[in-house]
Protein chains: 2
Amino acid sequence: MCLSKFHFKSIPSLLFRIMVILLTLPLAMNAQEVGQTERLVSPELEADNSVVFRIKAPKAENVTLSGNWMPMVPNGNQGMIRQTVELAKDDMGVWTTTVGPLAPELYGYTFLVDGVTTLDPSNLKVARDGIFRTESLLYVPGEASDLYWAKTGPKGSVHQIWYDSPNLDLTRRMFVYTPPGYHESTEEYPVLYLLHGGGGDEEAWPTLGAAPTIMDNLINSGEAEPMIVVMTNGNPSQASAITVTPKLPNVEQSGNNMASMLFEKSLVNDVIPYIEANFKVKANKDNRALTGLSMGGLQTMNTSFTNPDLFNYIGVMSMGFADLSRFGIEVDHSKREQQILDLKEANPKLYWIACGKDDFLYESVVTMREALDKQDFEYTYRESTGGHTWTNWRIYLSEFAPMLFK
Amino acid sequence: MCLSKFHFKSIPSLLFRIMVILLTLPLAMNAQEVGQTERLVSPELEADNSVVFRIKAPKAENVTLSGNWMPMVPNGNQGMIRQTVELAKDDMGVWTTTVGPLAPELYGYTFLVDGVTTLDPSNLKVARDGIFRTESLLYVPGEASDLYWAKTGPKGSVHQIWYDSPNLDLTRRMFVYTPPGYHESTEEYPVLYLLHGGGGDEEAWPTLGAAPTIMDNLINSGEAEPMIVVMTNGNPSQASAITVTPKLPNVEQSGNNMASMLFEKSLVNDVIPYIEANFKVKANKDNRALTGLSMGGLQTMNTSFTNPDLFNYIGVMSMGFADLSRFGIEVDHSKREQQILDLKEANPKLYWIACGKDDFLYESVVTMREALDKQDFEYTYRESTGGHTWTNWRIYLSEFAPMLFK
């Protein structure tokens, strides 16, 4: 960490000289418009995990910081909003605040400069959460976040694949993680199908979910078996995340069609056959796992209830037998009892349910467990603190993956 | 395009209802903090390729737009800066300007809100140009930009691979493009090694360079042969782009070591053997091509001059026999005459040199051509308009790839 007087970090001399020379040249040079020769350090992590945030805005009248470690607070009659903290301005026009110490975690934050949401210009690490929310990322190290930190040593690959989906009449995008050593090996691997939630897409688990890094760390430490992880787009009307093609975003295309069962059909009939034909895969029930969060939890339930012999490991995160009619979604629960009996008969090795005490879908998980208990259906229940958050979903993946294929 | 009175786009009703309900729930729900229920449309493309830019900033006193279609202008004695245009504020606090009509191209732009650089909050499409410059992207359609637009139809895959580089003592990241049909095919493919410039990294060609989309379009139209394209990191001290691991950026690690020949050694001894061992590759000179821009052009020269029998197709973009001592870089030109003779003897099928009339390295290309002419070394020279820009590098890739492996 830089602790120089003005909290600026010097660009090294060679790069500095290159920039000075290039910036004085009289021609257009896009690649070289690197800008200022000194740069603020933000965020700056202190030894005790306090964090200093800085942004230069000499003309601004008010700058605040909003980070997802802060609580939600009432916003008049407008529901709840994330709390913010004010930054203070020095005579160089740099706004600063120190927060924490913060618990080890991968956080997201933004500045509000005179009311305009702004990423931290000094921080290159950003991720998109949901359709329109892009945030700067802050990693606070410690035992609880250690799996989210990329270490030296062997790393898996992430393949961006476009596959034909006849069931959705689309060529669709997915990310496929292959474990360290996959390319060099002649072995076949088991597969985990990992589903995102509503508002998300196929980019969610590889970025905010940190799935490739978590899997590398779990596999390298021997905690998890080497496996392939498939992350496709769970919104059946989308070919891919709307960031991909160079066109203006069209929110209409991002409808979820949660109750349509269309995604579930394409998962079983398009995605799994593609993976099993094109990767080195152990193509049988013992070596297939399925999990998902929220909408992806509903899709996990739907898929495993209607295809009881497909997966030996099933994980439902932050979702239960929810009445989604308030969202305009009608889920057909009338067949659930028979479906539970069918899945019980198929006897999967693991049916895992995870939910946070503060999750707004908590009651739906109670309802689900009661329905399963009524049929003496065996499952493992993991109740965590917290709510419907990526903090929990990263933890759930970290706990679910080590239980698979053993 | 939305042409409603207030230039807002409605979120579809289901998503709207979900958000209204979730935002009134009293619990923390990161994934659902989607924010406002109406959203500005920006950028908005008009029928004549004029573009309307909008940003809501009620408290700001001054908002300007800077886009890379604008000229560089003198900045007092501070060299040259990109021109900006002012936006005008309406009584709802929305700042607007209309520019153009713009020529078909993939552009980058940012807003300056009271002096603070801000991405367009209504535009999901962003890319990083160089170490610290992230921009919002604007695609203006037309014949000249048609190759940069992802079309329906078969698409190649992009593989993010970590490979051992004993020559650099690092596990390093690269992106490997495989063409449509690669997974299903038993054929072997030729390989293009595609290098970025100084200040860039392995993310440059897949994002700003639009290489996967350009290759899909050229291959699908039959203009280019199906080929693998390898995009690794040309900075020998870097394992990967500094955006990758969740740590604070460290500019010191991004030194280029342009004159060290270290990257060239790792390309020949680490990268190419990895690709030829792990992909379905025709592993011979006839089926290897190498090209790069700026620093990558220097590396292309260095690699092909010192390994004359390795590549049958060589492309040098925006680089010549430059005196780089003003950048603190000492290139050993003393062996160039013998190297030219050695490469002439090896007789590559194509040695292609491309440079813009306004490139600040234009004179170095003149020097290079004179040196090649002196030895009767055959090459193809392509002089374009413009300078040291991604506009030119995308065009050069679009022209170079169709000449390969035929």
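If the requirement is being assigned by TED's automatic domain parsing to the domain that holds residue A:199, closer than 17 Å to residue A:392 by Cα and among the β-branched types (Val, Ile, Thr), which of these qualifies: A:281, A:316, A:271?
It is A:316.
If I go through the stretch A:182-239 residue by residue, how many of them are among the β-branched types (Val, Ile, Thr), more than 10 Å from every other protein chain (Cβ to nearest Cβ) and under 22 Å from residue A:130 (Cβ atoms)?
Total meeting the criteria: 5.
If you scan the stretch B:279-302, which residues turn out to be hydroxyl-bearing (Ser, Thr, Tyr) and in contact with a strand residue (DSSP E or B) (Cβ under 6 Å, 6 or more places away or on another chain)?
At the first step, the residues of the stretch B:279-302 found to be hydroxyl-bearing (Ser, Thr, Tyr) are B:291, B:294, B:300.
Matches in the stretch B:279-302: B:291, B:300.
So that you can scan it fast, the table gives a plain yes or no per residue for (1) at the interface with chain B (Cβ under 7 Å from one of its Cβ atoms); (2) modelled with pLDDT under 50:
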{"site": "A:4", "(1), (2)": "no, yes"}
{"site": "A:21", "(1), (2)": "yes, yes"}
{"site": "A:38", "(1), (2)": "no, no"}
{"site": "A:41", "(1), (2)": "no, no"}
{"site": "A:66", "(1), (2)": "no, no"}
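State yes or no: is residue B:387 modelled with pLDDT of 95 or more, in contact with an Asp or Glu (Cβ under 9 Å, 6 or more places away or on another chain) and within 14 Å of another protein chain (Cβ to nearest Cβ)?
On the way: modelled with pLDDT of 95 or more: no; in contact with an Asp or Glu (Cβ under 9 Å, 6 or more places away or on another chain): yes; within 14 Å of another protein chain (Cβ to nearest Cβ): yes.
Considered against the rule, which asks whether it is modelled with pLDDT of 95 or more, in contact with an Asp or Glu (Cβ under 9 Å, 6 or more places away or on another chain) and within 14 Å of another protein chain (Cβ to nearest Cβ), residue B:387 comes out as no.
Could you count how many residues in the stretch B:111-149 are within 25 Å of residue A:164 (Cβ to Cβ) and surrounded by fewer than 19 Cβ atoms within 10 Å (Cβ to Cβ)?
Qualifying residue count, the stretch B:111-149: 2.
Mind listing whichever residues of the stretch B:199-229 are among the β-branched types (Val, Ile, Thr) and surrounded by fewer than 24 Cβ atoms within 10 Å (Cβ to Cβ)?
B:207, B:213, B:214, B:219
Filter the stretch B:121-170 down to the residues that are more than 27 Å from residue A:124 (Cβ to Cβ) and among the basic types (Lys, Arg), then identify the one that is modelled with the highest pLDDT.
Within the stretch B:121-170, the match that is modelled with the highest pLDDT is B:155.
Go through (1) outside any helix (DSSP H, G or I); (2) under 16 Å from the mean Cα position of the chain (by Cα) for residue B:112 and report which single condition fails.
(2)
Using the structure shown, decide if residue B:314 is within 26 Å of residue B:82 (Cα to Cα), away from chain A (no Cβ under 12 Å) and of a type in the set (A, V, I, L, M).
So residue B:314 fails the test.
Looking at the stretch A:77-117 only, could you name the residues that are over 20 Å from residue B:114 (Cα atoms), within 12 Å of chain B (Cβ to nearest Cβ), out of contact with any strand residue (DSSP E or B) (no Cβ under 6 Å at 6 or more places or on another chain) and not β-branched (Val, Ile, Thr)?
A:77, A:78, A:79
Go through the residues of the stretch B:369-384 one by one and say whether even a single one is within 13 Å of chain A (Cβ to nearest Cβ) and assigned to a loop (DSSP other than H, G, I, E, B).
No, because not a single residue in the stretch B:369-384 is within 13 Å of chain A (Cβ to nearest Cβ) and assigned to a loop (DSSP other than H, G, I, E, B).
Among (1) in contact with a Lys or Arg (Cβ under 9 Å, 6 or more places away or on another chain); (2) at pLDDT 90 or above; (3) part of a helix (DSSP H, G or I), there is one condition residue A:344 misses while meeting the rest; what is its number?
Condition (1) is where residue A:344 drops out.
Within the stretch B:39-51, is even one residue touching a helix residue (DSSP H, G or I) at 6+ places or on another chain (Cβ under 9 Å) and under 27 Å from residue A:78 (Cα atoms)?
yes
Regarding the stretch A:160-168, can at least one residue be identified that is facing chain B (nearest Cβ under 10 Å) and surrounded by fewer than 20 Cβ atoms within 10 Å (Cβ to Cβ)?
Yes, the stretch A:160-168 contains at least one residue that is facing chain B (nearest Cβ under 10 Å) and surrounded by fewer than 20 Cβ atoms within 10 Å (Cβ to Cβ).
State whether one or more residues within the stretch B:27-36 are modelled with pLDDT under 95, touching a strand residue (DSSP E or B) at 6+ places or on another chain (Cβ under 6 Å) and outside the structural domain of residue B:127 (by TED's automatic domain parsing). Show your work before the answer.
Just the residues of the stretch B:27-36 that are modelled with pLDDT under 95, to begin with: B:27-36.
With the extra rule that they be touching a strand residue (DSSP E or B) at 6+ places or on another chain (Cβ under 6 Å), the set shrinks to B:28.
From what's left, outside the structural domain of residue B:127 (by TED's automatic domain parsing): B:28.
For the stretch B:27-36, residues modelled with pLDDT under 95, touching a strand residue (DSSP E or B) at 6+ places or on another chain (Cβ under 6 Å) and outside the structural domain of residue B:127 (by TED's automatic domain parsing): present.
The values are calculated or read from the model by the stated rules, or taken from the named source; none is laboratory data. Since the structure is predicted, the reported quantities are computational estimates derived from the model, not experimental observations. Please note: Cβ atoms are built from the backbone with ideal geometry, for glycine as well, and neighbour counts cover all protein chains shown.
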